[in-house]
Every structure is written in C-alpha cells, then in structure tokens.
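Contents: one structure, followed by commentary.
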Amino acid sequence: MPAALRASELAAFVDSHFAHRGLMPETVIAESWFRSIKQHHLSPDLGPVDNVLSAAELRQHQAQHEAYLATASQGVSGLARRVLDAGFAVLLSDADGVTLEARLPADAQRYTRSGLIVGARWDESIAGTNGIGTALASQQALTIHRQEHFLASNARLSCSVSPIFDAHNQLLGCLNATCLYNDGPKQAQHLTLQLVILYARLIENSHFRQRYRDRLTLALKPRDDFADLAAEQLLALDEAGRVIGANRAAFLAYPGRPLLGLHIDQLLAADIDRLLNLTRGGAQGVQLRSPHAAQLLEVGLRVPGGYRSSAALRPAPARSNHPALQQLAGQDEQLLNGVQRLRKVLDKDIAILLSGETGTGKEAFARALHQASQRHAKPFVALNCAAIPESLIESELFGYRPGSFTGADRKGMKGKLEQANGGTLFLDEIGDMPAHLQTRLLRVLAERELLPLGAATPVALDIQVISATHQDLPTMIVEKRFREDLYYRLCGLRMHLPALRERSDQRQLVEELLASLAPTLRLSSEARDRLLGYSWPGNVRQLLNALRQAVALAEGDEIGVADLPEELLQPAPAARTQALEQQVEHTEAQHLLAVLQRQRWNMSAAADAAGISRSTLYRKMKRYGIVQPNLLG
C-alpha cells in the first residue's frame, strides 16, 4: 500500500468495494484488502483456489522446517489442549504461509472442507486477507473475523493468529486458532487471541533456548511484574559481551535500536564480569536498572557447562573494577542524554571536557569513555593538575631525556603525554594548570607532536584528550586566568555532571552501589531515608565511602541507621540547609545566565555549552526567573 495513501482515501476505497458487507474494518485489515486488489489482483468473489501442496511438496517443505517443527510442536499441543473442545482448530504455519501442522476438533471434516489442513497455503497473494497471511504481512497479532476475510468463501472462519519470530527478529511463521460459523461479535475472540499470543511467545522462547543452549544467556523482566514468562526478555551473549540473539520480547523492549551487536553494558549497568560476580556465576538473580526501563529489572544469568573455563570468565582484569558509561549514568535523564551524546563523538578525534563539582565522578566517566572507545587496549593516563606542585607539572606532563638537567633521572622520564600515546590522556582539574604550561600544552595539541626536554627529535602523538574541572572556565577566561584558545581546543564536547543532590535517580543509585559492594545486604527503611535525605556535599564519592563504612559495620543482612557515618546521623539546622540550597541555586542561576549571554541566547547552543538538554535549560530558566531579552528591540 502506498505510504501516501491517507486514511480518508483508504476508507473511500473500502467503501467502494465492500459497502455491501457493512463493515468499516481496522486499518491493518483495510490495508490488506487494498493489497489483495491492487497488488495481488484478486477478486472477493473468487471461487475455490488450488492452494494445497502435493504430498511430495509437503514432505520436502516439512523436512526444510524440521527444527522449527520440533521446537514448536509442544506449543501447538499446549494450545490445542485448551481450545479444541471449544471448537477451535490449531494451525502452525511457516513464514511463507504454508501450514506445517494442524490439530482439529472431533468433527474434523467440517474444518478440512474449509481448507484447514496441513499443506494449505494461506499467503495473501493466494487467499487475500486472512489470519495467517495478514499476520505475516503486517507482522502483528490479530483476529480476522468472518466477513473481514477478503474472499467471500472464507467468511465462515474466525481466525486469531500471532506471528512467531526467531532470535534475530525474523519471521518463522504463525500460530493460529480458528473456529467455524461463529455468529458472535469479534470482541468475543479477544481471550482466544491472548492465548494464541502467549503460546507463540513460549514457542519463541523455546526456540531461543534451544539455539543458544551453549551460550551465556540473560533473562530480564520488570521487578514488580507477576511471573509472566511470555513477557520475559531473553538475550544471548558472545564471549565479548555482545548481544548475538534475543527473543521477540527483548526486541520490542528496545524499539528502533540495533539490538544485535550491542554490548551488554549499553543495556544494563553491568558488564559480563560484574554480572557473574553479582549473580555468583548464575546461582542467584539480581536487580539492575536499565536506562530503557521504567523500573528495576530482575536479571537471571544462565551459564552453560564448561563456560567458566573460557577466557572471558577468567578473573576480571583491572579495568572491570571501573563502572561502564551506562552504569555511571544510572536513570538520571540529564546523564543519560549526556552519555548518548558522548557515545556519538567517541573515536571521532573530538576532545571532551567534563565539568561538575568535586566527587561527581569525572575521572570515573573519563575511564568509562576510554573503555568504550577503540583505544581501550591502550594506556589510560591521568594527571591531576591540582595535586602536583607547579614546579613538577612540566616534567610530569612533557617528560625529559637522560642528562637534560642537573639532578635529572639518568634514564630520563616519559611524560604523561608520551605515556598516553595511542590511548587516552585525562587532565583532571585543568583549571589549575599554570599559565605558561597552558601555552605549551596548546602547541602540543595543535601540532600533534611532543618535544621532551633534551630530545633531538619530536615524538608524534596520537591521543584522546579528556579534561575535567570543577571551576567556571569561561569566567576564568574573562579574568585572563585561562587561555581561551586552549579552552576551545579542549572543549570539543562538554558534559556537565550534576551534583548528587540534583540527580533524579538517587534511590536507584544507592541500591546499585550497595549491590556492587555487598549483593546480600539490604538497607533498613530508616537507613534508606537518611541516605536519600542527606545533601551529599562530597557527591557520589562521599556516598560510596558512606556505603563502604555501612557494609563494614553491618551485622546480619541489613544495614541500620547506626551503621551510617556520623554526619548522616546529625540533623542539619534548617536555616543552614536552606542557606546552602540558596547558595547552590544562586551559583547555578549565574552560570546559566552567563552561558546564555555568551551564546547570544541561542537556546540550542546554550544547552550544548551547559551540557544539558534544551527542555532542562527551559525548566531551569523558569525556575530561576531568567527571561530572554527582546533581541529585536
């Protein structure tokens, strides 16, 4: 059907050809009628058609689908046990619309005379609009009731059908429950359709488990859902943690995303090593949050026999101690948007600047970016510009060769820039870099080569630069304390990390950090309230230290208030708390106003510069009473 055909045109087409039926069908059925006439050149009054394979053709066809039949047979039998006595025939088709198996009620001849037999072809090009053919064409579950069938000769049928998909989201066929001469309304078939969908999903899951019986597999479902196995998301992973297969429920849970090939830490706040640790090698379930789920997920891990000896499951390398990007983002909207932007610039030779208060996780994000990039096997080298005496920063950053100056190491020293060659250099607290070194760093980054002190020839550099600061660099530029040209060299993309008190996912973050430290421990309700009610001036770093102390002091399987750090037990004076909040808001309001003015009130550019979404920028402007001036007047 042409995409340009509007609903009104479709209605006119239906009315002109099927007015005598007195129906105004759903869009999916009307579109099928359109295809039946315009594409397949069928007539509604077409007499009986030869749509049955010969015995030899049928045997060959069934042999081609032997594995599919073996997997689906139990689902067909299960559905038949529940609907045959109610007068329904159960059919299983392949992706071409050919019935491979049929279970008929006691008066089977009535059904066979209607074409409900093994070997019948129900493709739309042969039979027009019908349950199997239209479910395959639309790839959705549906009921085709009586006169909704295109051919008048099929008007005695009422068919409830669900497509069946393989682990790559490709059609395997259909499951169909059909009754004859049903004079009741179409709505009466709703429960039958739900039962057919249930067994189709169970067939899919059985096919998935059989195909990936020798692979690491995950089972996911929302924590608060009743045990609905048909809605369970199943994922199969390769040794590198990439998704190599999934059931239909998983594909539907991530619409519009290329699920196959994604690393598991892009879907869950965990990689393979962390999943193995949290689930004790698959022995227990665990709760994790996905950025694409509205609530916590129950995660079950299945580890096949012999899998433990594979290279992927050997003791975790040092990098597994560092959380992945998705884990760091949690469920906070601002961070999730930021991570999505960061992923787009990875490996594009774009410098990244991370800003935020001390303790918000800037170094953790830098390490996660390195691990997510193509440079992950190369060095990650960090230099804290505020923690090294000014007299030593130059040698630490640029290095020197043997005999360069009195007192130098006889072997010379590679600077951080040279150590990071091929990998990632993380410059923490870049705002504290002395002015004369800013000039030299700018030259190195611009020329992509380094000349250590005492060296005769320059060293070619290939590095990803990630910088971080808690300071307001644009203000420092105005005050001549930071080079503007270096700022733009370092700020290819800027991401602001919100303070812990500003994050919308504090509760989930507390739960996930605790699970990573001690999966068997839980928080008492009072301890949880204390954690969630605290202002966290030290941000995530302070929260993590608080949880470590609580885990160490806890007795039994619950963390109580007495196990928390002392500062959480002392209620802050109301006036002091209010003053702190006002100070924080005033500082943020000033920062946003400065950004807007620098970007000449271009909202998209300002949001990018502030590292937030446009919707968040508008919300904060409204909160702080920031009004855009009339630029035309």
remark   = Quick calc, the chain, dipole around Cα centre from Cβ unit charges on Lys, Arg (+) and Asp, Glu (-), nearest 20 debye, gives 680 debye
message = Using a Förster radius of 30 Å, what is the FRET efficiency between Y181 and E26 based on their Cβ-Cβ separation? Nearest 0.05, please.
response = 0.85
task = With a cut-off of at most 10 other beta carbons within 10 Å, and DSSP calling the residue loop, which trypsin sites (Lys or Arg not before Pro) in segment 412-483 qualify? Please list them.
result = K480
key: Fewest-first sequence of C491, C179, C159 by Cβ atoms within 10 Å of each Cβ   = C491, C179, C159
remark   = Here the FRET efficiency for V459 versus S54, based on Cβ atoms and R0 = 56 Å and rounded to 0.05, is 0.15
ask   = Over the Cα atoms of segment 328-496, what Rg and Dmax result, in angstrom?
value = 16.2, 54
ask   = Could you give me the ³J(HN,Hα) list for segment 154-164, computed from phi with Karplus coefficients 6.51, -1.76, 1.60 and θ = phi - 60°, whole Hz, x at Gly and Pro?
value = 9, 5, 7, 9, 10, 10, 10, 9, 10, x, 10
note = Set K344/K622; K362/K620; K221/K348; K348/K411; K348/K378; K362/K622, cut-off 26 Å on Cα-Cα distance; pairs above it are K344/K622; K221/K348; K348/K411; K362/K622
remark   = Along the dipole axis of the chain (charges at Cβ: +1 for Lys and Arg, -1 for Asp and Glu; origin at the Cα centre), the most positive-end residue among M603, L216, A141 is M603
key: segment 7-209 pair-distance distribution - Cα-Cα, 5 Å bins, rounded %   = 1, 8, 17, 21, 21, 16, 10, 5, 2, 0
ask   = Under the definition of Cα pairs under 8 Å and six or more residues apart, what whole-number percent is the relative contact order of segment 97-174?
value = 24 percent
ask   = How big is the Cα convex hull of segment 489-548 in projection, averaged over all directions, in nm²?
value = 5.2 nm²
query = Once a ≥ b ≥ c are taken as the square roots of the eigenvalues of the Cα gyration tensor of segment 50-143, is the result rounded (a/c under 1.5), prolate (a/b larger than b/c) or oblate (a/b not larger than b/c)?
reply = rounded
query = For the residues H20, H168, H149, H470, what sequence is obtained by ranking on other C-beta atoms within 10 Å, fewest first?
reply = H20, H168, H470, H149
message = Could you tell me the relative contact order of the chain? Use alpha-carbon pairs under 8 Å, at least six residues apart, and round to a whole percent.
response = 8 percent
task = Give a residue-ordered list of calculated ³J(HN,Hα) values for segment 498-510 (Karplus: 6.51 cos²θ - 1.76 cosθ + 1.60, θ = phi - 60°; whole Hz; x for Gly, Pro).
result = x, 5, 4, 5, 8, 6, 8, 10, 4, 4, 5, 4, 4
remark   = In whole Hz, the Karplus estimates of ³J(HN,Hα) for segment 76-81 (6.51, -1.76, 1.60; θ = phi - 60°; x where Gly or Pro) are 4, 5, x, 5, 4, 4
request  = Average the reciprocal distances over every distinct pair of alpha-carbons in segment 28-67, invert the result, and give the Kirkwood radius in Å.
outcome  = 12.8 Å
remark   = Per the 1/(1 + (r/R0)^6) rule, R0 = 35 Å and r from the Cβ atoms of A188 and R110, FRET efficiency to 0.05 is 0.95
message = Please state the shape class of segment 114-205: rounded when a/c is under 1.5, otherwise prolate if a/b exceeds b/c and oblate if not, all from the C-alpha gyration tensor.
response = oblate
key: Relative contact order [Cα under 8 Å, 6+ residues apart], segment 500-570, whole percent   = 37 percent
task = Amide H neighbours of Q464 under 5 Å, at least 5 residues apart or on other chains, H built in the peptide plane: list them.
result = G423, T424, L425
query = Where does the charge balance sit around L175 when Lys and Arg score +1, Asp and Glu -1, over other residues with C-beta under 12 Å from its C-beta?
reply = -1
message = With 50 Å as the cut-off, how large is the P(r) tail for the chain, expressed as percent of Cα-Cα pairs?
response = 33 percent
message = On a full-extension model of 0.36 nm per residue, what is the gain between K344 and A377, subtracting their alpha-carbon distance, rounded to one decimal in nm?
response = 9.9 nm
key: Within-9-Å neighbourhood charge of A527 [Cβ basis; K, R +1; D, E -1]   = -2
inquiry  = Run lengths n ≥ 4 of DSSP H only: what is the helix-derived mean residue ellipticity at 222 nm for the chain, with -39500 (n - 2.57) per run over all residues, to the nearest 500?
reply    = -12000 deg cm²/dmol
inquiry  = Which residues among segment 99-127 fall inside the zone where the amide N is under 19 Å from a point 7 Å beyond the Cα of R82, along Cα→Cβ?
reply    = 102-105
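Bear in mind these aren't lab numbers, they're just calculated from the coordinates by the rules spelled out. Predicted model only: the values in this text are computed from it and were never measured. Note: ideal-geometry Cβ built from the backbone for every residue, glycine included; neighbour counts use all protein chains shown.
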